[in-house]
Structures are given as C-alpha cells and as structure tokens.
Amino acid sequence: MGDLKREVLQLLENDSRLSKEQLAKMLNVSKEDIAQIIEELEQDSVILKYHTVINWDKQSSPRVRALIEVTITPQREFGFDKIAERIYRFPQVKSVYLMSGSYDLCVIIEGETMHDISFFLSEKLATLEYVNGTRTHFVMKRYKEDGVIFSGEESDKRLVVSP
Amino acid sequence: MTVNPNSFINEKVRKLPPSGIRKFFDLVSQTEGVISLGVGEPDFVTPWHIREACYYSLEKGFTMYTSNYGMPELRKAISNYLKKYQTEYNPEDEILVTVGVSEAVDLALRALISAGDEVLIPDPSFVSYAPGALLADGIPIPLGTFEKDNFKLTGEELRSKITSRSKVLLLTFPNNPTGAIMTKEDLEVIAQVVEENNLVVISDEIYSELTYEGKHFSFAALPGMWERTVILNGFSKAFAMTGWRIGYAAGPREIISAMMKIHQYSIMCAPIMGQKAALEALKNGESEMKKMVQSFNQRRNLMVNGLRELGLSCFEPKGSFYAFPSIKETGLSSEEFAERLLTEEKVAVVPGNAFGESGQGFIRCCYAASVNNINEALERMGRLLKRL
Ligand SMILES: Cc1ncc(COP(=O)(O)O)c(C=O)c1O
C-alpha cells in the first residue's frame, strides 16, 4: 500500500484534477481502492488541499508579492511557534517557514497593491511583540512556482511519426 | 542523349523497398490537428542536468574529435553500467561508441555478414534490420512472433528457419513495436539453438531500462553466449536523448575491432557533444531516468486498459513504450484502419505491418504521450470503432 499511496500522491501533486477513474487505470488497481486511499490521505491530512497555479498577470489583475525576512525573539515555552501563528493567521500571508541562517521566519505575502503590503508590514507585522526586525523583498517577476514554469509548457517538437 | 540519374544508382539500393513508416509520415504531415501516437521516442525533453553538462563542455572548448572508439571516460562508464546486467566488457577494446544504435546495427551487420549469409530477424521488429542486412549482401529471414506466444521468439520458430546459410540471429527485446520482453528462461531456449547452429547474435537491447515487470536480462549474460554476442544499447530511449545520436556496441574484442574498422572510415567518431552528455547521463542520470520509466508505466496501464475497454484485444506489453492491439475484428487491414483513424478521427498510429508481415492486423500505439492526449485519442478511436 505504501508505494501505491506515494504514487497516487505524486500523480495528484502534478495534476490534482486526475479523476479516481483515471488514477485507477494508470495504476492498474480498482476505482474502489483509489477512492479508499484518497479518503485515508484526506482524513490523515496528508492531502490538505487541491489548488490551482494561476498566472494572475495574464488576467490583468496582477498581484503584488513580497518575501519578508523576520527576526524574532523566541518566547519561553512556545519557541517560535506562537509568533509564527500570530503571523500565519493573517489571510494575506501565503506561506511561513522557519529558517536556518541569518533570520528566523520567511513570510511570503500577497496583496493586490503595494499599499496592501506596506500596510500589513507597518501596521501588523512590525508592531508584533517579539518581532525584532523585518526586511522586505518585492517579487519583480515570477519565472517558476510550485514546479510550474510561467512561460508555458514547451511544445511537442517531435516528428509526428517515427520508427 | 537524356540522362536518367536513376541509372546511376546502385542496384541494391534501387531495389530496397521504401519504408512503410515513411509513407505514413507523409500522410500524417498533410493532416492538421492530429493527435499522434505514431512517434518512436520519449515525450520527455532530455533532463536538464544532461543538457547543462553539454553547455559546460562547449564552454570549456570540447569541440574536437575523440578516439575512434569514443571517449575513454565514456567507455569506462558504459562498462560499469553494463555490469548491472551481469556482463563484463573491457572499456579498452570491447566497447565502441556509435552514432545511435542505428549506426551500431549497420556496423554489426556489415562486420559479420558475408554475401549470401542469412540473417534471422524477429518479425515484427524495428525497421532497420532487414534493409541493413540487404545492404550488407545478407539475406534477411523473418522469424514470426505471435500474439499467442506474447510475441516472444520461440525455439521452434527459430529452428524451423535455420538453414546451412544461417549466420546471424538478431534479438531485439524489449521489442519495438510489440512491447514483448524475453526472460532469462525464454532466452535459454534460444541460446541452445544458437549454440547448436553456431550462430552469432546481435542483441539490440536499447529498451532494456524500459522493462516494467521484473528486470531486463541480457542475452550475453547466458553461459557460453558472451563470445558469440554483440550487445547494442544506447541513450535515446532510457535517457530521452534521441537527437543526441549516441549508442554503443559491446562484445568480444575481435568483433568490436571489426566494427571499429568500418566506423573509423565512415564516421571517424561519434560527436563529442553527445558523448559528453551521455557521460553525464550515466554518471548522474539514474534518478530522473527512473522517474521517466515510472511515468511510462502509468501511461502504459492507461493505454492498455483504455484499448481493452474499447473491446480491442491487446496483449500486455512488458517493455518499451508501445501497445500493440489487434484490429483483426474490424475486418480492416492495418493500413486501412490506420488511414481511417487518421482521416476520420485525426489520430495517428502506425500500421503493424510497417514492422514486418507478422504485424498485419495490429497497430502500434505509442504511449509516450500526455495523459490528456491518450484519453482523447482513445475516445476518438472508440468513435471510429462504433462506426465499423
Ligand atoms: C529497437 C530499436 N533499435 C534501435 C533504434 C534506434 O535508436 P538510436 O536512436 O540509438 O539510433 C530504435 C529507435 O526507434 C529502436 O526502436
């Protein structure tokens, strides 16, 4: 079951719209088996969400994205987790990672305008207790995200028929 | 006096029948919006680390000839790699790097055949062997392989085609177009006949990595067979490197040096850029290659299950990246079926008999295509089948 689960996850990670029927055919198992595996993976919170990678720039509603390096003083008893939680609960925060190296938290935030981000920074993040400093880097261009290259898939250049 | 340039052409070449694939290629090229299951190569682009290694070698100025045998480091890497099939070859003089397995096929045939020798070739199989044998003044003898035997070559079939002129046996498993493989036990039966009749074997194992059940077994690993076998293998299929044109032959020193004699005069050496890339593939390419094989396997299941759901009888291909369903029930010939599928539903497949007479009644469907394209192609094929 372990290998099969991993293969289901790898396929869904790459294309979450693959139907149970499709998966069953590709992995040569029954549709019921696939349904059960997916249900387990969802219940165990291994599969958290099926999401879509979108190039908003093409929809002429571009989004502003920034990476913020945050240094904090860990809290007694809770370490970094409590402060991370204070930060990740804001809906504009897309990702939060605890980092090794010269800063502590890497916060990726997205807004519709530059103003959204600077508001969040000055009003919310910088004023949090235990946050010692922030450093903000705005994203200028997205080339690749979650394994997806933004310039689009390379076209099939093969001859249509070959031996 | 009007000159007919045709009269200048060598008779053997003039008589060579045109390739069945070529005819079909022209037809497909004239049709728009085709989903092609007619290709014979991976749908992956060469992994980036391999392409990047080639950039680097160009930056460093590796633009010269190499040894006729190929770069020593590459031959060493190939020698190491071939150990995984329990075969040992000295990188010094038992391995020859060629311009694809295509060149290696030609060299092996030319190095081994004397005029009138018979070359035993499984049928159906890759399109180059019989013409290669003819060009080397040999006589190709087809060995039928059949669905009832899972398209394996049987000892009886081989025995029934042996004559006093039999010289070379070509083995080509995993097979293009059938997807058949031969296990160690299957090959042992063949080895017996080979020994009894003192045949020399050319074993084209280019799809060795694309074996989905069990592990590939190399003919040269059977007792007593190493001395009478040339193994051909390459980078095109396993590492998605068709355009780089790098393959190799491995065998006894005497045979390899005979092949090298021809190679040095006709080719000199395989291009260094391709050799550099091939070296990177062997050094660091295993994990990406495994991922590609897994992905082919998923699509193999999808294709075979899909074809069977359409009601076609489809033998389970255990190697390469082709499914070879029978279309005999439709009453059409392979060409008629492929042509109607193309013109009415815009799906390209290759008629099975383009690979030999025993392929009549079958079509080759390559599953190195995207999941969406496979699904769409199956749906279109279903529509045609309903009308027949
Ligand atoms: C069985 C077989 N041998 C050899 C080749 C040619 O390979 P290469 O690209 O190494 O010349 C092919 C390509 O389709 C093949 O199917």
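Exceedance of the 28 Å cut-off in Cα-Cα distance is limited, within the set A:Lys141/B:Lys237; B:Lys83/B:Lys184; B:Lys76/B:Lys167; A:Lys157/B:Lys15; B:Lys15/B:Lys148; B:Lys76/B:Lys161, to A:Lys141/B:Lys237; B:Lys76/B:Lys167; A:Lys157/B:Lys15; B:Lys15/B:Lys148; B:Lys76/B:Lys161. When Rg and Dmax are taken over the Cα atoms of the range B:62-284, they come to 16.4, 52 Å. Ranking of A:His51, B:His263, A:His137 by solvent-accessible surface, largest first: A:His51, A:His137, B:His263 (1.4 Å probe, protein heavy atoms only, all chains present).
I need the trypsin sites (Lys or Arg not before Pro) found in the range A:91-153, filtered to DSSP loop residues with at most 12 other beta carbons within 10 Å of theirs.
Working: sites: A:Lys94, A:Lys124, A:Arg135, A:Lys141, A:Arg142, A:Lys144; in loops: A:Lys141, A:Arg142.
Qualifying residues, ordered by number: A:Lys141.
Separation of the range B:22-92 and the range B:302-328, taken as the distance between their Cα centroids, equals 28 angstrom. Here the gap between A:Glu112 and A:Glu32, fully extended at 0.36 nm per residue and compared with their Cα-Cα distance, gives a gain of 24.5 nm. For the residues B:His216, A:His115, a 1.4 Å probe over the protein chains yields an accessible-area ranking, largest first, of A:His115, B:His216.
Under the simplified labelling scheme, the A:Arg86-B:Glu227 pair shows an inter-label distance of 8.2 nm, with each label point 7 Å from Cα along Cα→Cβ. Separation of the range B:174-222 from the range B:244-299 is 19 Å, based on Cα centroids.
Its Cα gyration tensor gives chain B an equivalent ellipsoid. The semi-axes, each the square root of 5 times an eigenvalue, are 32, 26, 23 Å from largest down. What is the calculated FRET efficiency for B:Glu254 to B:Glu357, with r their C-beta to C-beta distance and R₀ = 56 Å, to the nearest 0.05? That gives a FRET efficiency of 0.95.
If I compute solvent accessible area with a 1.4 Å probe over the protein chains, what percent of it on chain A is carbon and sulfur? That share works out to 49 percent.
In whole angstrom, how long is each semi-axis of the equivalent ellipsoid of the range A:56-140, when you take the square root of 5 times every eigenvalue of its Cα gyration tensor and sort them from largest down? Don't jump to the answer; show the numbers that get you there.
Values: eigenvalues 121, 29, 25 Å².
After diagonalising the Cα gyration tensor, the semi-axes are 25, 12, 11 Å.
A P(r) calculated from all alpha carbon pairs of the protein assembly as shown, with 20 Å bins opening at zero, reads 18, 44, 26, 10, 1, 0 percent. Rounded to whole numbers, the Karplus 3J(HN,Hα) couplings from phi for the range B:134-149 are 4, 5, 8, 6, x, 10, x, 10, x, 10, x, 10, 10, 4, 4, 9 Hz, using 6.51 cos²θ - 1.76 cosθ + 1.60 with θ = phi - 60°, and x at Gly and Pro. A simple spin-label model places the labels of B:Asn80 and A:Ser155 4.0 nm from each other, with each point 7 Å out along Cα-to-Cβ.
With θ taken as phi - 60° and the Karplus curve 6.51 cos²θ - 1.76 cosθ + 1.60 applied, the whole-hertz 3J(HN,Hα) list for the range A:91-102 is x, 6, 7, 8, 8, 9, 10, 8, 10, 8, x, 7 Hz, x standing for glycine and proline. When chains A and B come together, the accessible area they lose, probed at 1.4 Å and totalled over both chains, is close to 2000 Å². Residues B:Glu280, B:Glu185, B:Glu59, sorted by accessible area with the largest first, give B:Glu59, B:Glu185, B:Glu280 [1.4 Å probe; ligands and nucleic acids excluded].
With only the Cα atoms considered, the range B:185-254 has a convex hull volume of 89 Å³ per residue. Projecting the Cα atoms of B:Cys365, B:Gly40, B:Val28 onto the charge dipole of the protein assembly as shown (Cβ charges, centred on the Cα centre) puts B:Val28 farthest toward the positive pole.
A protection proxy built from the mean count of other Cβ atoms within 10 Å ranks the segments B:77-84, B:159-166, most packed first, as B:77-84, B:159-166. Counting only whole DSSP H helices of chain B, the ones at least 20 Å long by C-alpha along their axis and with mean Kyte-Doolittle hydropathy no lower than -1.0 are B:371-387. Extending 7 Å from the Cα toward the beta-carbon at both B:Asn4 and A:Val148 defines two label points whose distance is 6.3 nm. Put a plus charge on the Cβ of each Lys and Arg, a minus charge on the Cβ of each Asp and Glu, and nothing anywhere else: the dipole of the range A:3-43 about its Cα centre is then about 140 debye.
What does the convex hull of the alpha-carbon atoms of chain A project to on average, in nm²?
Details: hull surface 59.3 nm².
The directionally averaged projection comes out at 14.8 nm².
Within a Cβ distance under 14 Å of B:Asn375, other residues only, what is the Lys/Arg minus Asp/Glu net charge?
Values: positive: A:Arg17, A:Lys25, B:Arg299, B:Arg380, B:Arg383; negative: A:Asp15, A:Glu21, B:Glu309, B:Glu345, B:Glu376, B:Glu379.
Result for the local shell: -1.
Residues of the range A:139-163 that lose at least 30 Å² of accessible area (1.4 Å probe, protein heavy atoms only) when the other protein chains are present, relative to their chain alone, are A:Glu154, A:Arg158, A:Leu159, A:Val160, A:Val161, A:Ser162, A:Pro163.
Relative contact order, whole percent, for the range B:282-363 stands at 21, derived from Cα pairs under 8 Å and 6 or more residues apart. The residue list B:Tyr65, B:Gly100, B:Phe217 was ranked by how far each Cα lies along the charge dipole of the range B:62-284 toward its positive end, using unit charges on Cβ atoms, and B:Tyr65 comes out on top. Once every Cα of the range A:13-102 carries one equal point scatterer and solvent is ignored, give the base-10 log of I(q)/I(0) from the Debye formula at q = 0.10, 0.11, 0.21, 0.23 Å⁻¹, two decimals. Listed by q, the Debye log ratios stand at -0.51, -0.60, -1.06, -1.16. Take each residue in A:21-32, count the other chain C-beta atoms within 10 Å of its C-beta, and the mean is 4. Within the listed set B:Pro174, B:Pro42, B:Pro122, the residue fluctuating most in the Gaussian network model of chain B (springs between alpha-carbon atoms under 10 angstrom) is B:Pro42. Peptide B:299-308 is shielded by partner chain Cβ atoms: per residue, an average of 3 of them sit within 10 Å of its Cβ.
Sites counted here are GluC sites (Glu not before Pro) in a DSSP loop (not H, G, I, E or B) having no more than 16 other Cβ atoms within 10 Å; the longest part of chain A that contains none of them is A:1-76. Counting Lys and Arg as +1 and Asp and Glu as -1 over every other residue whose Cβ lies under 9 Å from the Cβ of B:Thr172, the net charge comes to -2. Restricting the trypsin sites (Lys or Arg not before Pro) of the range B:213-322 to loop positions (DSSP other than H, G, I, E, B) with no more than 14 neighbouring Cβ atoms within 10 Å leaves B:Lys215. Relative to the longest principal axis of the Cα atoms of chain A, the long axis of helix A:31-43 makes an angle of roughly 10 degrees.
Helix A:2-14: angle to the longest alpha-carbon principal axis of chain A, degrees 0 to 90, nearest 10? Once rounded, the angle reads 70 degrees.
Let me check I've understood the local charge: for A:Gln10, count other residues with C-beta under 13 angstrom from its C-beta, Lys and Arg +1, Asp and Glu -1. What total comes out? Mind dumping the intermediate values first?
Numbers: positive: A:Lys5, A:Arg6, B:Lys290, B:Lys291; negative: A:Asp3, A:Glu7, A:Glu13, A:Asp15.
With Lys, Arg at +1 and Asp, Glu at -1, the net is 0.
The values are calculated or read from the model by the stated rules, or taken from the named source; none is laboratory data. Note that the structure is a prediction, hence the values are computed from the model and not measured. In this analysis, Cβ positions are derived from the backbone assuming ideal geometry, glycine residues included, and neighbour counts consider all displayed protein chains. Side chains are part of the model used for accessible areas, which takes the heavy atoms of the whole protein and leaves out ligands, DNA and RNA. Shrake-Rupley method; radii C 1.70, N 1.55, O 1.52, S 1.80 Å.
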